[in-house]
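Data first, discussion second: the structure below is written as structure tokens.
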Amino acid sequence: MMSMSKGKSARTALAAAILAVAASVGAAPEAHAADFYKGKRIKLTVGSSTGGGYDTYTRALGRHMVRHIPGNPKIVVQNMQGGGGLKSVRYTYLVAKKDGTEFANIRASNMLDSILAIRGMEFKPDKFVWIGSMASDTDVCMFWHKSGIRTFDDLIKKKPRIGATGKGAQAFMFPNAINSVLGTKMQIILGYKGTSDRILAVEQGELEGSCGINGYTFVSRLNKHFTGKTLVPLMQSGLRPNPLLKDVPMTQSFAKTKEQREILDGLFSQMAIARPYAAPPGVPADRAKILRAAFDATMKDADFLKEAARLKIGIDPSTGTETEAIILKLARMTPTLKQQIKTAIGQ
């Protein structure tokens, strides 16, 4: 007959063996995903031309995130401008590989378009695998120092020319809503490739100003105009001021009614995830977990933060779960508010 001490030892050994097997089984998928990335090439798509804010953020992310993905893969950034970011969104959702080797900068404005049933109904915002957002921000309307546009009242009295890529772009939707809700008279000219094109047109006198430029982009990529005061920021659109532009009034401050403010708040809430990234639907959960973890680690990486400070790009990250929650909140707006926003942006 087995002694009590020997029986206890046997049970302990058996329990340890069971736990070891369970642990190895639980770790297997994640270990397999880590092996998957060994030597791989990851495509990171940005839906704009080179030199703008989305491009600057995305290239900085690609340079540092690669160190946090096991297997020493390479990240290659690809620019795919068109339709105010819509071309790259469609590519990511419908064409990109769903094995975890592709993800993209996905503009919140394109997600709102889909939610409002304006364009992009072939994809579902809640089906993307949301990896995270690098920052919240504001959208700044700014005007050339010689344009004669200095106050909000000037936008009501005059008809300054501003530019945008297309009707799906933030550079169109935001000023169009401001015109509709607050009575300004900005003329929005379509067909510009991106931020760099629009600013060049302002410098050459073809345009008098621009909206659709994020606050951190204004301070970093357009620093000569920011410090030299050749581009004058008139208002900023979002839920809270960009910390570098505290003296620039919020667009909602010009609202005269509760309804006007609610419409603008609903539209501008997308700025809470101003720099979001997502992979296409169907990416295996273990690989999605690795990408999310690598993104989160990058946002805390000392070398990355040092470069972000040098580039003057603001970092105020949201995790993949937090980013997804904001997308779902946008999708759950009341039908009435959705229709009011849709009308405001000219759809």
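The values are calculated or read from the model by the stated rules, or taken from the named source; none is laboratory data. As the structure is a computational prediction, the values presented were derived from the model and not from experiment. Positions of Cβ are generated from backbone atoms using ideal geometry, with glycine treated the same way; all protein chains shown enter the neighbour counts.
Considering the stretch 159-199, and only residues there that are free of Cβ contacts under 8 Å to residues at least 40 places away in the same chain and part of a helix (DSSP H, G or I), the residue that is farthest from Lys224 (Cα to Cα) turns out to be Asn179. Where helices (runs of 4 or more DSSP H) sit wholly within the stretch 24-125, those with at least 2 residues that are surrounded by fewer than 22 Cβ atoms within 10 Å (Cβ to Cβ) occupy 53-65, 86-90. One residue stands out in the stretch 306-320 among those that are over 14 Å from the mean Cα position of the chain (by Cα) and not basic (Lys, Arg): the one that is surrounded by the most Cβ atoms within 10 Å (Cβ to Cβ), namely Ala308.
Scanning the stretch 254-269 for residues that are among the small types (Gly, Ala, Ser) and in a helix (DSSP H, G or I) returns Gly266, Ser269. No other residue among Asn242, Asn214 is farther than 27 Å from Gly82 by Cβ, under 18 Å from the mean Cα position of the chain (by Cα) and buried (at least 20 other Cβ atoms within 10 Å of the Cβ) apart from Asn242. Name the residues in the stretch 126-151 that are part of a loop (DSSP other than H, G, I, E, B) and either closer than 22 Å to Lys289 by Cα or among the aliphatic types (A, V, I, L, M) (or both), would you? The answer is Phe128, Met134, Ala135, Ile149.
Every residue, every condition in (1) out of contact with any helix residue (DSSP H, G or I) (no Cβ under 9 Å at 6 or more places or on another chain); (2) under 19 Å from Met333 (Cα atoms); (3) modelled with pLDDT under 95; (4) surrounded by fewer than 23 Cβ atoms within 10 Å (Cβ to Cβ), yes or no:
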| residue | (1), (2), (3), (4) |
| --- | --- |
| Lys229 | yes, no, no, yes |
| Pro249 | no, no, no, yes |
| Glu259 | no, yes, no, yes |
| Gly266 | no, yes, yes, yes |
| Ala278 | no, no, no, no |
| Pro284 | no, no, no, yes |
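Select from the stretch 139-193 the residues that are under 21 Å from Asn105 (Cβ atoms) and of a type in the set (A, V, I, L, M) and write down the one among them that is nearest to the chain's Cα centre (by Cα). Among those that are under 21 Å from Asn105 (Cβ atoms) and of a type in the set (A, V, I, L, M), it is Ala169. For Ile156, are the conditions met, namely being over 20 Å from Gln270 (Cβ atoms), assigned to a loop (DSSP other than H, G, I, E, B), outside the structural domain of Gly62 (by TED's automatic domain parsing) and in contact with a Gly (Cβ under 9 Å, 6 or more places away or on another chain)? Judged against the criteria, Ile156 is not a match.
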